[in-house]
Amino acid sequence: MNSDFSVATHALVFLSCKNTVLSSEELADSICTNPARVRKVVSKLKKAGLVDTKEGSVGGCHFGGDPAAINLAQVADALNVTFVEATWHSGDQNRDCLICSGMAGLMDELFSDLDSRCKARLREITIADLAHRLLSDASPI
């Protein structure tokens, strides 16, 4: 996973709370990143229907939906995020040893299951939940 998920989630919470059109520069200032990165992430959120954008001198991004109806799994899906994955595999599937030849596939199954469980948990957390937590010092997620 890269940090695009954090950028997107921060942007969505900020936009939902501000309830106005914000430029990529304004979003970048809150997120503490650069506007080009924000635009890249926002374009994926727009494609998924999670934000609206407006072009022009007063253009920018606007949260177009109900923050209670958008969950973090939707954000992850918009960005095609995988939270748990193997970037390296041990063993060699062409070897005679059952452990050596089977471990990579077994680990892939385990990581896939963990990623699915992570996304199931994220379906339970909405943008509104995060905004509420930040603005009211509610109990932890």
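Remarks
- The chain: radius of gyration over Cα atoms, expressed as a fraction of 2.2 N^0.38 Å: 1.31
- For the chain, the carbon plus sulfur part of the accessible surface works out to 51%, probe radius 1.4 Å.
- Computed magnitude of the charge dipole of region 31-101 (debye, nearest 20; Cβ of K, R +1, Cβ of D, E -1): 380 debye
- Candidate lysines - alpha carbon under 19 Å from LYS54, same-chain residues fewer than 8 apart omitted: LYS18, LYS40, LYS44, LYS46
- For the Cα trace of region 8-57, dividing Rg by the Kirkwood Rh returns an Rg/Rh value of 0.91.
- Over the chain, DSSP H runs of length four or greater, each weighted -39,500 (n - 2.57), average out per residue to a 222 nm ellipticity of -18000 deg cm²/dmol.
- Accessible surface, per residue, of region 29-95 when the full set of protein chains is kept, probe 1.4 Å, Å²: 62 Å²
- Dipole moment magnitude, nearest 20 debye, the chain about Cα centre, only Lys, Arg, Asp, Glu C-beta charged: 380 debye
- Multiplying the residue separation of ASN80 and HIS132 by 0.36 nm and subtracting their alpha-carbon distance yields 16.1 nm.
The values are calculated or read from the model by the stated rules, or taken from the named source; none is laboratory data. This is a predicted model, so every value here is computed, not measured. We place every Cβ from the backbone using ideal geometry, glycine too, and count neighbours over all the protein chains shown. Side chains are part of the model used for accessible areas, which takes the heavy atoms of the whole protein and leaves out ligands, DNA and RNA. Shrake-Rupley method; radii C 1.70, N 1.55, O 1.52, S 1.80 Å.
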